[in-house]
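**Student:** The structure is given below, and queries will be raised subsequently.
We did not get these values from a lab; they are worked out from the coordinates using the rules stated. No experiment lies behind these values; they were computed from the predicted model shown. All Cβ positions, even for glycine, are placed from backbone atoms using ideal geometry, and neighbour counts span all protein chains on display.
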Amino acid sequence: MPKRLAVILGSLRPTSSPKCVFSDEHMTMYVTWLQQTCKLNVDASNAPFPNAREFNAFIRAQGPRYPQARSHCQHTRHPNDQFSKEYCPVCLFQIHTNYIKFINVAWERIGGPWKQTEADEEYAQVGRAHHFARMELANHMVQVDALAEQERAWNAQNPKVETSGAYSHSRVQEMYREWLHLTSAPETKRSPPKKVTWTDDTKEYTRRSGPDEMDWEYNA
Ligand SMILES: [Zn+2]
Ligand SMILES: [Zn+2]
């Protein structure tokens, strides 16, 4: 029996063609991955656009070429966390933000999000993918908020248990606030990312968010 199980694709995804964000080379890699790992009978003309977790699985399958890819992790969960299986809440959050960044790089390359006139079909497709990705993260954060609330209630009932080192949903709320701040103000994009000091992983995250590493195409 093969060790690697086929990736089952979910049903929610942008209606755009993945060609609007992938280079020709990446498109070939992506279609090969869909065919071989996901066992989909597709070609470049009808390949589905990946959602955040699928995109992560795709880049992880390319080996060390994409250090942004998250692997199943053993990061310490909060004692109340019965929900994160393969990925801790922090890694799951990074899967979403990596995906948004990837789409945004493609969008910025063709003038997004400020291009108002002469917007063509490709521009509209990447724009739809961008809005899908932001919506997917917003929906994800609704769950995170509810679980963070549970964690705080648990902390209140277990005051002697130290949970500040856990990769918790509360920590993701902090990261999200920081991320919103960094991504909503275009003028801050040119300044170096803020140093966040509370965990190694967050520093790593901040580094990965740096503008220099945003170019997936040429960093590969
Ligand atoms: Zn993790
Ligand atoms: Zn999610």
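**Student:** May I ask you to derive the FRET efficiency for ARG128 and LYS39 from their Cβ-Cβ distance with R0 = 30 Å, giving the value to the nearest 0.05?
**Tutor:** Numbers: r = 27 Å, r/R0 = 0.89.
Efficiency, from the Cβ-Cβ distance: 0.65.
**Student:** Is the shape of the range 1-152 best called rounded, prolate or oblate, per the rule: a/c under 1.5 gives rounded, else a/b larger than b/c gives prolate, else oblate, with a ≥ b ≥ c the square roots of the Cα gyration tensor eigenvalues? Provide the component values of the computation, followed by the final result.
**Tutor:** On the way: a/c = 2.18, a/b = 1.28, b/c = 1.70.
Taking the square roots of the gyration eigenvalues as a ≥ b ≥ c, the range 1-152 is oblate.
**Student:** From a point 7 Å beyond the Cα of GLU86 in the direction of its Cβ, which residues of the range 18-35 have a backbone N at a distance under 20 Å?
**Tutor:** So the set is 29-35.
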